[in-house]
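Scroll down for the structure; my scribbles are underneath it.
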C-alpha cells in the first residue's frame, strides 16, 4: 500500500503549479462534435448549434496551456500591468 500526500499527488499527476499562469474565463466555452470551439455570454449553446459540450464555465480558472488547447489563442493569462502614470 502506498501513501499519497497532496504534494506528491500533484507532482505525480503533472499538476505542478510552478511556472503556470492562470486566467479566469469571462464567457462560457463550448465544443461541438466537429471539434469547433465557441464562446457565449450565457449558458446556452451558440447559435446554429444542435449539440455541444460545455468545456469551461464563466468565472472558472484555467491554465494558459488549457486555453491554447481549446483554441482560444487570443486569450492569454498575464500578470497585472504596473501603473506607470506617476
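Overview of values
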item	result
Any hit, region 51-69, residues being surrounded by fewer than 11 Cβ atoms within 10 Å (Cβ to Cβ), assigned to a loop (DSSP other than H, G, I, E, B) and at pLDDT 90 or above	yes
Among residues of region 1-50, those that are under 22 Å from residue 68 (Cβ atoms), touching a helix residue (DSSP H, G or I) at 6+ places or on another chain (Cβ under 9 Å), modelled with pLDDT of 55 or more and part of a loop (DSSP other than H, G, I, E, B), counted	3
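The values are calculated or read from the model by the stated rules, or taken from the named source; none is laboratory data. Quantities reported herein were computed from a predicted structural model and do not represent experimental measurements. Using ideal geometry, Cβ is built from the backbone for each residue, glycine included, and neighbour counts are taken over all protein chains shown.
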